[in-house]
1. What's the exposure ranking of B:166, B:19, B:400, B:235, going from fewest to most Cβ atoms within 10 Å?
2. Take residue A:115 and residue B:53, extend 7 Å from each Cα along the Cα→Cβ direction, and tell me the distance between the two endpoints in nm.
3. As an exercise, use a Förster radius of 35 Å and the Cβ-Cβ distance of residue B:211 and residue B:303 to find the FRET efficiency, rounded to the nearest 0.05.
4. So between residue B:119 and residue B:365, what do we pick up on full extension, going 0.36 nm a residue minus the alpha carbon distance?
5. Compute the Cα gyration tensor for chain B, then decide on rounded, prolate or oblate, letting a ≥ b ≥ c be the square roots of its eigenvalues: rounded whenever a/c is under 1.5, prolate when a/b is larger than b/c in the other cases, and oblate in all that remain.
6. Using the crude model of +1 on Lys and Arg Cβ and -1 on Asp and Glu Cβ, and no other charge, please compute the dipole size for the protein assembly as shown relative to its Cα centre, in debye to 20.
7. Which shape class applies to chain A: rounded if a/c is under 1.5, otherwise prolate when a/b exceeds b/c and oblate if not, where a ≥ b ≥ c are the square roots of the Cα gyration tensor eigenvalues?
8. Over all directions, how big on average is the projection of the convex hull of the alpha-carbon atoms in the protein assembly as shown, in square nanometres?
Amino acid sequence: MTTFETSVPAIEPTGSLSDSVKIHGLLAEFETPGDILKAAEQVRQAGYRWWDCCTPFPVHGLDRAMGIKPTILPIMVFFAGLTGLIAAFVLQAFTNSSGMSVWAMVWVTGYPYLISGKPLLSIPAFIPVIFELTILFAALTSVFGMLTMNGLPRLNHPLLGNDRFRRATDDRFYIVIEARDPKFFRTRTEAFLESLGAVAVEEVQD
Amino acid sequence: MSSIRADQVGGRIVDNTTEVPGTRAPLVLNMTTFGQVTAQVAKVSEAGRAPLAWYVAFAGSLGLLGLLGVCVLYLIFTGVGVWGLNTPVAWAYDITNFVFWVGIGHAGTLISAILFLFRQKWRTGINRFAEAMTIFAVMCAGIFPGIHVGRVWVVYWLFPLPNQMEMWPQFRSPLLWDVFAVGTYFTVSLLFWYTGLIPDLATLRDRAKGRLQQVAYGLFALGWRGSNRHWHRYERAYLLLAALSTPLVLSVHSVVSFDFAVSQLPGWHTTIFPPYFVAGAIFSGFAMVVTLAVPAREMFGLKNLITLRHLDNMNKVILVTGSMVGYAYSMEFFIAWYSGALYEKFAFVNRAFGQYWWAYLLMVSCNVITPQLFWFKAIRTSIPLMFFLSLVVNVGMWFERFVIIVSSLANDFLPSSWEFFTPTWVDIGTMAGAFGLFFTLFLLFCRFLPMIAMAEVKMVMPAANAHHDEDGHHHGTPAPATGGPS
């Protein structure tokens, strides 16, 4: 992850601490869901790409205002469910057969056991396990797929080091424009965020 | 959207059970801002000391948990003979408790999944602790078949693991379906609960004063920062989980009922079992939610979040599912008569008038008559009455499983093999001990985790509507999807 280095005025003595301060971006605080919705629309229209809204709960309409593409999560979950379905069928068909296989990483043989004259490959009796594994695989994928695509879990993030940002999980709404955005300019972006009705705009250090 | 604004009701309206046409009843009382919700819910886990009642309840629960430990160890070191099981009655308290606890566990997922799909916003006040209750109940349930196998050190034979005996579990047996159904149910319920907890754990992390709380909540919050790009996938994942859990919750008790229905025993071999068990599970689960919600909202001062309307709604669900259970009881008798099968007819006459007539009478009076009282609004909205009635339902539902299991087994085909089941102190101790485990876990949860889903409650507050303070509807122009980091 590259970060944008602030341009330090040339008159500053080189080698001072302020030289090496990298900023993550600018943080703008809003008070209501309505405010952030209007602001987000304008940030998108201004052409920013590396920016985000952070809210204590999902604000209705914000996805559209930000222009977020629909996630591919449902497609992943569908194929995970399909995998569970096939895996459950193969597992049951094999364990009730007299075959041999290495699918369990070791050589294993089936265990055909005749009971009540039921056929070994009795698909109706396999349905409950097929159903349960379909659900299990799909559910695990929806949670872990969501976390992975969100880049979570992570132990730290520049925003989490910011004191003002602590209210993002309480009652305030934030827009962050990251310094790596091609349109990011320290002063111009700050003025832009202030013009959107932010109650506060501050720098977030990396 | 016409709604009663939170500031109009602030401090004045306490009764939100009255239906006013054209308006939505407020789900959060006496609060207008999001910060108030956070402060009130987080206060419980941030307080240095819990209420005195919590310590008393916790001590009692720990005592019962200790009893569970003693009973289980005694059983493991001695053998299943310490229970009162005998030859026709090989299943009694153990499986009764298993079915009872799995049933209790149904309300949580019903509230979190089915009510979510039906857009029942009132679920937000109660879903978190109902889901926690589900997980703890399924843990209690899992103990019983686990120790009933006798040789607990080979309990892994339940799972299809390659082994030197070249044997596999029997996949055509309902008992194995149960392993998969309950295992999947526990896993998915845990995922659902934890997914919902992530944003609230982040709230506690951000409010934490001490280093220990910050690290502990921080680790489990997984670095959540409320990014809307994350919320977008999060909401989709939550919807998918709800859609997956809905058939799952209906399947679990159906599979549990197959343990009985697939066998040939009169009284068990019945096609009505799956829907009847599911209705019974929801009935008992909601009763347990009421049993827990009533003291919890008193103890932690959450009456404005778990309002009378929430309790009223739950009592309505108890009324509906209780009526379904009553219908199933009568239909079983009708079919037993209509089938003309001698053994089937005997099984049901014996159930009502045989040696377990007292258990049957208790079951019918608790499960059929009690819920009908909830037709009256005065009873649905009376806190002491609903608490008492929910306890009655819990007792009734325990006896339902006892009646089905024991009365059918004790008097089977041959009168010469009939036997009467009498529980031993270990049977009773294990049953009481499971309640100890359940309440210990539940009390720890109440104390250290957010009992109310803060982020979700904020969403259903009038202030969360982005167009809250505007007159007309205004939606932004639909944006073309940009190529940003999504």
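1. Details: B:166 12, B:19 9, B:400 29, B:235 15.
Fewest-to-most ranking of B:166, B:19, B:400, B:235: B:19, B:166, B:235, B:400.
2. 4.9 nm
3. 0.55
4. 85.2 nm
5. Here chain B falls in the prolate category.
6. Computed charge dipole of the protein assembly as shown: roughly 260 debye.
7. It comes out prolate by the Cα gyration axes.
8. Working: hull surface 144.6 nm².
Averaging across all directions leaves 36.1 nm² for the Cα convex hull.
All of the numbers you see were taken from the coordinates with simple rules; none came from a lab. All of these numbers come straight from a predicted model, not from anything done at the bench. Glycine also receives a Cβ, built like all others from the backbone with ideal geometry; neighbour counts cover every protein chain displayed.
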